[in-house]
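*Asks:* Okay, handing you the structure first.
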Amino acid sequence: MKKIERKHPLAIRWFHWINFPVLLVMIYSGILIYWANDIYTIQAGQKIFFAFFPDGFYKTLSIPFRLAEGMALHFFFMWIFFINGLAYVTYTIFSGEWRYLLPNRNSFKEAWHVLLHDLYISRKKLPVKKYNGAQQIAYTAIILMGFGSLLTGLAVYKPTQFGRLTAMLGGYEWARAEHFILTIGYVLFFCVHIMQVARAGWNNFRAIVTGWEVVEENKEEETIIVDGVKEIVNKDND
Amino acid sequence: MAEENYSEDQFRKTVRKKTLKSFALFFIFICCVFLGWNWLSHQPKDAGALKPLRKAMDVNENIFSKVFSTSDLEPEYPVSSAVSRVRVNGNYGMKSALDTSSWKLLVVRNADLLSTADTIEISLDEIKKLPKTEVIFNFKCIEGWSQITWWGGVRFSDFAAHYQLGMKSCGIIEKGTEGEECKYAGLTSTDGEYYVGIDMPSMMHPQTILCYEMNGRSLPMNQGAPLRLIIPVKYGIKHLKRIGTLFFSDNRPKDFWYERGYDYYAGL
């Protein structure tokens with residue numbers, strides 16, 4: 001027997017899907033700004049492995065000479081990004097959703113297990129629950145990164161008014177580099193996130209739109225308590 | 001058996017119906033996002049920036065100039081930190097030849113009072129007689145680079161106090177305006193090609209100087225000799241070189257980069 005089970009609250013789905021286009025605009029306008037002083041490279045000594053970004057990349061996205069536009073977009077959408085992020089954090093705190101999201105002392109071990117499993121190294125079955133250890137770590141880290149973007153962004157945007165913050169982050173130049181690195185982090189997160197969503201399948205993806213999942217309601221169902229959270233462990237499911 | 005199949009069928013139908021409903025709403029949401037973006041990118045422009053974004057820039061100016069302190073000092077560095085090769089960026093307003101020996105700064109006390117506009121001409125020697133202030137700070141270009149540079153000149157607030165500038169009354173007594181500052185200062189290059197407008201609190205900031213020295217020597221021609229503005233609380237676009245005219249007004253003076261889509265305030 002199958003049944004429908006609630007998974008993601010409406011608020012979380014809104015925050016998630018608002019954040020997607022807003023973060024996209026923030027990254028895009030960020031590239032428009034970065035182009036005007038595109039100094040970052042990956043290098044060892046004098047050997048440059050990669051320069052952010054190649055000309056072809058700029059041309060394809062028609063980036064050059066749009067600094068003013070980039071700043072105008074960035075300093076408008078930053079408010080939506082900030083408010084949406086703040087609303088998400090506030091909601092997770094007051095709704096109790098944080099219990100599923102925050103890593104606990106088992107998360108790191110479990111994340112290792114998930115990693116081995118996802119790289120096809122281990123065949124041990126994964127725990128079936130809302131967020132496994134790897135997800136808890138990833139989804140908490142991305143929020144911390146968002147907070148980091150906010151701070152480093154503010155340090156670059158108003159380095160005199162927030163002089164102490166800028167100094168704490170290693171100065172103006174460093175704050176700008178950190179802001180950039182965090183953005184690269186989002187892009188990497190996005191790639192892994194898309195791959196994992198694709199692997200997890202339709203039922204999982206549907207849940208972030210509809211809010212519910214179809215689950216097997218059967219014999220070998222077992223309820224366990226992990227850190228005060230009731231979880232359904234379904235032994236039949238992979 | 002048949003009954004179970006029926007109920008499973010029923011369940012599948014329910015799931016399909018619920019899924020379709022949610023995804024229809026999701027599709028509408030996606031459409032709204034695209035329509036919103038489309039709406040934004042087709043808005044008329046105000047001084048080179050899309051109107052809603054221009055509005056946001058003005059709101060940001062209000063927030064950062066009113067909610068947060070604007071009297072913070074930009075950190076200063078020892079002379080040894082200052083670079084010797086100072087980057088030159090932008091030569092707008094400096095394309096023609098200039099005879100620096102005959103140069104004088106033209107000051108318009110209150111540009112809003114046209115009938116009584118009272119102007120004065122001040123030579124570089126007179127400016128140099130005022131107490132000298134040096135500032136060694138991290139100069140920030142709006143493009144995203146920065147450099148620790150060393151500048152010398154007269155603190156703008158000292159200069160304004162000495163010549164009694166920036167006041168609404170500007171010599172004549174108008175009721176209720178005694179001792180009240182104009183809202184803006186405007187600066188124009190000698191050839192009029194480059195111009196900036198700056199809010200008075202930033203002009204009167206203790207690190208804002210009318211600069212005639214760089215790295216302890218006379219200001220080079222390509223850095224805006226004979227006199228340029230150094231205003232650490234603003235991006236480089238506001239540090240006008242080769243000042244020709246200085247005026248005060250309650251209306252936003254025209255601004256070169258503002259007209260090209262940048263933020264008027266450009267404060268740091």
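The values are calculated or read from the model by the stated rules, or taken from the named source; none is laboratory data. Just so it is clear, the structure is predicted and the values come from calculations on it, not from any experiment. FYI the Cβ positions are ideal-geometry reconstructions off the backbone, even for glycines, and counts take in every protein chain you see.
*Asks:* Looking only at residues that are without any contact (Cβ under 8 Å) to a residue 60 or more places away in the chain and among the polar types (S, T, N, Q) in segment B:38-80, which one is nearest to the other protein chains (Cβ to nearest Cβ)?
*Replies:* Step by step, filter segment B:38-80, then rank; the result is B:Ser69.
*Asks:* Look at segment A:122-157 and say how many of its residues are modelled with pLDDT under 85 and of a type in the set (A, V, I, L, M, F, W, C).
*Replies:* The number of residues fulfilling the criteria is 2.
*Asks:* Go through (1) closer than 22 Å to A:Asn84 by Cβ; (2) surrounded by 17 or more Cβ atoms within 10 Å (Cβ to Cβ); (3) of a type outside the set (A, V, I, L, M, F, W, C) and name the single condition A:Gly185 misses.
*Replies:* (2)
*Asks:* Right, another one. How many residues are in contact with a helix residue (DSSP H, G or I) (Cβ under 7 Å, 6 or more places away or on another chain) and either more than 15 Å from A:Tyr28 (Cβ to Cβ) or at pLDDT below 95 (or both) if we restrict to segment A:39-83?
*Replies:* Count: 2.
*Asks:* Also, quick follow-up: Restricting to segment B:65-103, name every residue that is out of contact with any Pro (no Cβ under 8 Å at 6 or more places or on another chain), of a type in the set (D, E, K, R) and surrounded by 16 or more Cβ atoms within 10 Å (Cβ to Cβ).
*Replies:* B:Asp72
*Asks:* Between A:Val209, A:Val226, A:Val187, A:Val215, which is of a type in the set (A, V, I, L, M), under 25 Å from the mean Cα position of the chain (by Cα) and at pLDDT below 95? Before you say what the answer is, go through the steps one by one.
*Replies:* Working: A:Val209 fails: at pLDDT below 95; A:Val187 fails: at pLDDT below 95; A:Val215 fails: under 25 Å from the mean Cα position of the chain (by Cα).
Going through A:Val209, A:Val226, A:Val187, A:Val215 in turn, the sole match is A:Val226.
*Asks:* Restricting to segment A:56-85, and then to whatever is exposed (fewer than 15 other Cβ atoms within 10 Å of the Cβ) and not in a helix (DSSP H, G or I), can you tell me which residue is nearest to the other protein chains (Cβ to nearest Cβ)?
*Replies:* A:Phe65
*Asks:* Does B:Asn222 satisfy being modelled with pLDDT under 95 and of a type outside the set (Gly, Ala, Ser)?
*Replies:* Yes.
*Asks:* Could I ask something else about it? Considering each residue of segment A:150-170, count those that are crowded, with 17+ Cβ neighbours inside 10 Å and assigned to a loop (DSSP other than H, G, I, E, B), and give that number. Spell out how you get there, then give the answer.
*Replies:* At the first step, the residues of segment A:150-170 found to be crowded, with 17+ Cβ neighbours inside 10 Å are A:150-163, A:166, A:169.
From what is left, the residues that are assigned to a loop (DSSP other than H, G, I, E, B) are A:158-162, A:169.
Of the residues in that region, 6 qualify.
*Asks:* Could I ask something else about it? Which of the residues that make up segment B:113-164 are part of a strand (DSSP E or B), touching a residue at least 60 places away in the same chain (Cβ under 8 Å) and either within 14 Å of chain A (Cβ to nearest Cβ) or within 19 Å of the chain's Cα centre (by Cα) (or both)?
*Replies:* Passing the criteria: B:Val135, B:Phe137, B:Asn138, B:Phe139, B:Lys140, B:Gln147, B:Ile148, B:Thr149.
*Asks:* Now, a different point. When the residues of segment A:1-37 are narrowed to those that are in a loop (DSSP other than H, G, I, E, B) and surrounded by 16 or more Cβ atoms within 10 Å (Cβ to Cβ), which ends up nearest to the chain's Cα centre (by Cα)? It would help to see each step written out before you state the result.
*Replies:* Filtering segment A:1-37 down to residues in a loop (DSSP other than H, G, I, E, B) leaves A:1, A:7-9.
Within this subset, residues satisfying the condition of being surrounded by 16 or more Cβ atoms within 10 Å (Cβ to Cβ) are A:7-8.
Numbers: A:Lys7: 19, A:His8: 16 Å.
Selected residue: A:His8.
*Asks:* Related question: If you take the residues of segment A:148-177 that are aromatic (Phe, Trp, Tyr) and free of Cβ contacts under 8 Å to residues at least 12 places away in the same chain, which of them is farthest from B:Leu73 (Cα to Cα)?
*Replies:* A:Trp174
*Asks:* Still on this structure, please answer the following. Looking at (1) part of a helix (DSSP H, G or I); (2) under 19 Å from A:Ile181 (Cα atoms); (3) under 23 Å from the mean Cα position of the chain (by Cα), which one does A:Phe53 not meet, given that it meets all the others?
*Replies:* (1)
*Asks:* Taking segment B:235-262, which residues are surrounded by fewer than 22 Cβ atoms within 10 Å (Cβ to Cβ), within 14 Å of chain A (Cβ to nearest Cβ) and under 18 Å from B:Leu210 (Cα atoms)?
*Replies:* Result: B:Tyr235, B:Gly236.
*Asks:* A:Ala167 - would you say it is over 16 Å from the mean Cα position of the chain (by Cα) and within 14 Å of chain B (Cβ to nearest Cβ)?
*Replies:* Values: over 16 Å from the mean Cα position of the chain (by Cα): yes; within 14 Å of chain B (Cβ to nearest Cβ): yes.
Criteria met by A:Ala167.
*Asks:* Same structure, new question: Looking for something closer than 13 Å to B:Trp151 by Cβ, touching a strand residue (DSSP E or B) at 6+ places or on another chain (Cβ under 8 Å) and within 14 Å of another protein chain (Cβ to nearest Cβ) - is there at least one such residue anywhere in segment B:199-206?
*Replies:* no
*Asks:* Given the conditions (1) over 28 Å from B:Asp125 (Cβ atoms); (2) modelled with pLDDT under 95; (3) in contact with a Phe, Trp or Tyr (Cβ under 7 Å, 6 or more places away or on another chain), and given that B:Lys254 satisfies all but one, which numbered condition is not satisfied?
*Replies:* Every condition holds for B:Lys254 apart from (2).
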